[in-house]
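> I have a structure here, written as structure tokens, and I will follow up with some questions on it.
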Amino acid sequence: MNALLVLIPITLVLAALAVGIFFWAVGHDQFEDLDTPKILPLLDDPPEVQSAQDQVRDARKN
Amino acid sequence: MNIDPAVWSRPALVAEVLRRRRDGLAGIALRISALDQPLLALRLERVLQALPGVVRMSFDAAAQRVRLVVDDRKLDLPRLLAACAGAGCDARPLHRDSQDDGDRRLLNRSLQRLLVAGVFAMQAMMFALVLYLGARDTTAQLFRWLGMLSAAPVVGYAAWPFYRDALAGLRAGRPGIDVPVALAIGLIFMASTVNAMRGGGEVYFDSVSMFVFVLLLGRHLALRARVRHRALGEAVADAMPILAQRRRGDGTLEAAAAAELVPGDRVHVAEGAAVPCDGVLESRHARIDESLLTGESRACVRRRGEAVAAGSIALDAPLDLEITRDVAASATSMLAKLATAAHGLRDGAADADAPAARLFVWRVLALALATAAFWLWRDPARAFDATVAVLVVACPCAFGLASPAVRTRGMAVLARIGVLVVRPQALDALADVDRALIDKTGTLTEPALRVDDIETFRGTPRMEALAAAAALAQGSRHPLAQAVLRAADAVGIPHAADVQAVAGGGLRGCIGGRELRFGRAGFACAAAADDDVLWLADAEGPLARIPVVETLRPHATEAVAALRVAGIAPAIISGDAPGRVRDVAAQLGIDDWAARQSPEDKLARVRAEQAAGVRVLAIGDGSNDAAALAAADVAAVPSGGTDLARTHAGLALLRGLEDLPAARELAVRARAILLANRRWSLLWNLGAIPFAALGLVPPWLAALGMSASSLAVVLNTLRIREPQRATSLPASLRAGTA
């Protein structure tokens, strides 16, 4: 019985924690686009992108 | 239109575009028509991700929009637009009102409720399991209380939409399905609470939480389907420019926000740009394209002093006008509002399963009452528990899930074969359609070039002319440009610099330092008369004359045959000349064709068919099809359709006609599975009620039955799969639709 008295509050706290994290994620649009991110890492860098990113990097340095 | 991106740093324009957020960041919506080209879209995504100040972004390929959350202290609009242009995507900022945050907030709220219901329903089930396993005395009492504690957020917070809608329904005098649902949730929870407090009798905290969760899941799926595709219908509003060039008193131009313009202002509209507000023409005469407004795709000529409507596009030459109405009162805004209202009506009206469900739930409530009355008469001590058991067992969980699950699954599978469902009802309606009215140009046929027909001048080699034309056409999605590229397949294409597309004209660019123009005669060589011929010219005059012929699109014959097999009788309704329509109809074996059809004729034909009891599928891509598309039971628009046509589409065909037969097959299958789902879920509910009324269904059995029936519905829905012979989209296309 003593174990229950510890474990039950823990489950409730965990559930509340999960809900809190999820609310944060929803509020920060993490569920907006579930389809594009999975494709992104599979793409080769087209040369133009490289140059655009370089430009941005240069702009940051300056 | 070449406007220096720097004008977008003007405060008046920035205020039109940026939507302030509570966290100090700003939201921006961009319209980027290149977004349906997956590789460009992905390249753009990477470029944007690398920009400092971009916090979040989301792509909506169907609506051709990118939404960004940016820190505007680190990133200003001109830099953002320059980055988009650098990625080869022409971006146009949209008015901040078009960021439709309302829909997204609604969706987020619904997702939050769904999760709360899910997490706490699991908790409640876990605690209930202890009771089912035979806990007794103090332990049982503890777990009853814990069950109540877990169910409280579900019933008190997550189920809120049911109470709200039930109240709204009662107030409006039209109680819907939410009234009995809210009643059942409230009654079961209260009865269980009473039992938990008095320490005897059954508690149903797990069942009621799961009931709420499953119903919320159904609601959420339906809402997501509606919201995700609504933005597509806003193309008309998107087409309104928010930037204008105002003429100062001394005749010089300044950039101004369209919303700042007041009647009396004089405005300059560049070649190929849209008119920002209604006004009267000050230039001597102008050729404009009003297709967005009227569906008329031919250019109209306006003279000085005549009215020009907002949203029309200046062809050939820039024009000047004096504003007569401000943006809000202009014709296009009114039209967009009307269209939105019309769609709202149509979308709201069709929730097919509502009447059946309402009837069912009211009957259940009546049965529960009858049970209570019976036990009060026979054995009052058992009345309470038996009545609650009836309510629990009869909850139409699986029933509520049936329709949203089938729709969501059907839309996902259709997207995989290249058919996007824009309006969720289109999926249901497609199963009933028995006649297809097909537009010819752009749907059944496409333009093509025959290399041998190319006529060259001033000694230009034929292949060199073709290669130059292809170089200019490379970036364009216009059907004629695509035809040139197909014809130039085997030719080495040179590099063209500074390529610009001029609306209603053609393409302009530099090859090897020489400026070339390619397009309609009036645009390319300024002199010759317009006909069905493309011209390539340099500064000195025409270089080549490239006639265009019409060929059937690939797979058109198979698609038409397959439609016929599927029980849909095809007919060609075209605005083109009778000779050409007859040829195409003969090639496809279609007897039913009509030529020289105006938009009104097409609409009348749709209405006539419908009056005769025929369900009509309209397929077309042009603005002149828009009226017919709007009136048809299902409207399908192939890729490359105009904005106005897309606005009225129920289905967007990413490849073309060839995917329609498979889509129809899928729709029929989805319908069959939906009906089966409904039948079985009702059968379970009705079958269990008598046992519950006799007090023979313990809580664990009720919970088990409820989850089993919901699970059965979901598993059955997964039987909607791609038809065997349908070809999946190539990966390159799939990336953009996903």
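The values are calculated or read from the model by the stated rules, or taken from the named source; none is laboratory data. Keep in mind that what you see is a predicted model, and the values were worked out from it rather than measured. Backbone-built Cβ (ideal geometry, glycine too); neighbour counts: all protein chains shown.
> Could you say which residue among A:ASP29, A:ASP54 is facing another protein chain (nearest Cβ under 7 Å) and either over 18 Å from B:SER150 (Cα atoms) or modelled with pLDDT under 55 (or both)?
Just a single option satisfies the conditions, and that option is A:ASP29.
> Under the condition of being within 30 Å of B:MET463 (Cβ to Cβ) and modelled with pLDDT of 85 or more, which residue from the stretch B:553-583 is farthest from the chain's Cα centre (by Cα)?
Filtering first and then ranking leaves B:ASP583.
> Any chance the stretch B:540-551 includes a residue that's assigned to a loop (DSSP other than H, G, I, E, B) and farther than 28 Å from B:ALA662 by Cα? Give the steps one after another, and end with the answer.
The first filter runs over the stretch B:540-551 and keeps only residues assigned to a loop (DSSP other than H, G, I, E, B), leaving B:540.
Now drop any that are not farther than 28 Å from B:ALA662 by Cα, which leaves B:540.
There is at least one residue in the stretch B:540-551 that is assigned to a loop (DSSP other than H, G, I, E, B) and farther than 28 Å from B:ALA662 by Cα.
> If we only count helices (runs of 4 or more DSSP H) wholly inside the stretch B:635-738, which ones have 2 or more residues that are at pLDDT below 85 and within 30 Å of B:PRO479 (Cβ to Cβ)?
B:643-647, B:731-737
> Return the residues of the stretch B:251-267 that are in contact (Cβ under 8 Å) with a residue 12 or more places away in the chain and surrounded by fewer than 19 Cβ atoms within 10 Å (Cβ to Cβ); say none if nothing qualifies.
As a first pass, look at the stretch B:251-267 and keep what is in contact (Cβ under 8 Å) with a residue 12 or more places away in the chain: B:253, B:255-267.
Hits for the stretch B:251-267 are B:LEU253, B:ALA255, B:ALA259, B:GLU260, B:VAL262, B:PRO263, B:GLY264, B:ARG266.
> Hey, another quick one. In the stretch B:425-456, what count of residues is obtained for those that are buried (at least 24 other Cβ atoms within 10 Å of the Cβ), within 21 Å of the chain's Cα centre (by Cα) and outside any loop (DSSP other than H, G, I, E, B)?
Residues meeting the conditions: 3.
> Go through the stretch B:135-174 and give me each residue that's in contact (Cβ under 8 Å) with a residue 40 or more places away in the chain and more than 14 Å from every other protein chain (Cβ to nearest Cβ).
Hits for the stretch B:135-174 are B:VAL155, B:ALA159, B:TRP160, B:PRO161, B:PHE162.
> Quick check: is even one residue across the stretch B:654-668 among the small types (Gly, Ala, Ser) and surrounded by 24 or more Cβ atoms within 10 Å (Cβ to Cβ)?
yes
> Keeping to the stretch B:45-72, report how many residues are within 11 Å of chain A (Cβ to nearest Cβ), within 28 Å of B:ALA649 (Cα to Cα), touching a strand residue (DSSP E or B) at 6+ places or on another chain (Cβ under 7 Å) and of a type in the set (A, V, I, L, M, F, W, C).
4
> Got a number for residues in the stretch B:589-627 being assigned to a helix (DSSP H, G or I) and within 22 Å of B:ALA667 (Cα to Cα)?
Counting residues in the stretch B:589-627 that are assigned to a helix (DSSP H, G or I) and within 22 Å of B:ALA667 (Cα to Cα) gives 3.
> Between a first residue in the stretch A:8-25 that is under 23 Å from B:ARG105 (Cβ atoms) and a second residue that is surrounded by 10 or more Cβ atoms within 10 Å (Cβ to Cβ) and of a type outside the set (A, V, I, L, M, F, W, C), which pairs have beta carbons less than 7 Å apart while being 6 or more apart in sequence or on different chains?
Taking only residues 6 or more apart or on different chains, the pairs are A:PHE23/B:GLN112.
> Any residue in the stretch B:367-396 that is in a helix (DSSP H, G or I) sitting within a Cβ distance under 9 Å of a residue that is of a type in the set (Lys, Arg)? List the pairs, counting only those 6 or more apart or interchain.
Here the result reads B:TRP375/B:ARG382; B:ALA394/B:ARG363, each pair linking the stretch B:367-396 to a residue that is of a type in the set (Lys, Arg).
> May I pose another question? Can you name the residue in the stretch B:73-90 that is more than 14 Å from chain A (Cβ to nearest Cβ) and in contact with a strand residue (DSSP E or B) (Cβ under 9 Å, 6 or more places away or on another chain) and is also nearest to B:ALA26 (Cα to Cα) among such residues?
Restricting to residues being more than 14 Å from chain A (Cβ to nearest Cβ) and in contact with a strand residue (DSSP E or B) (Cβ under 9 Å, 6 or more places away or on another chain), the top hit is B:LEU77.
> Further question: Looking only at the stretch B:109-117, decide whether some residue is more than 14 Å from chain A (Cβ to nearest Cβ), basic (Lys, Arg) and in contact with a helix residue (DSSP H, G or I) (Cβ under 8 Å, 6 or more places away or on another chain).
No - not one qualifying residue is present in the stretch B:109-117.
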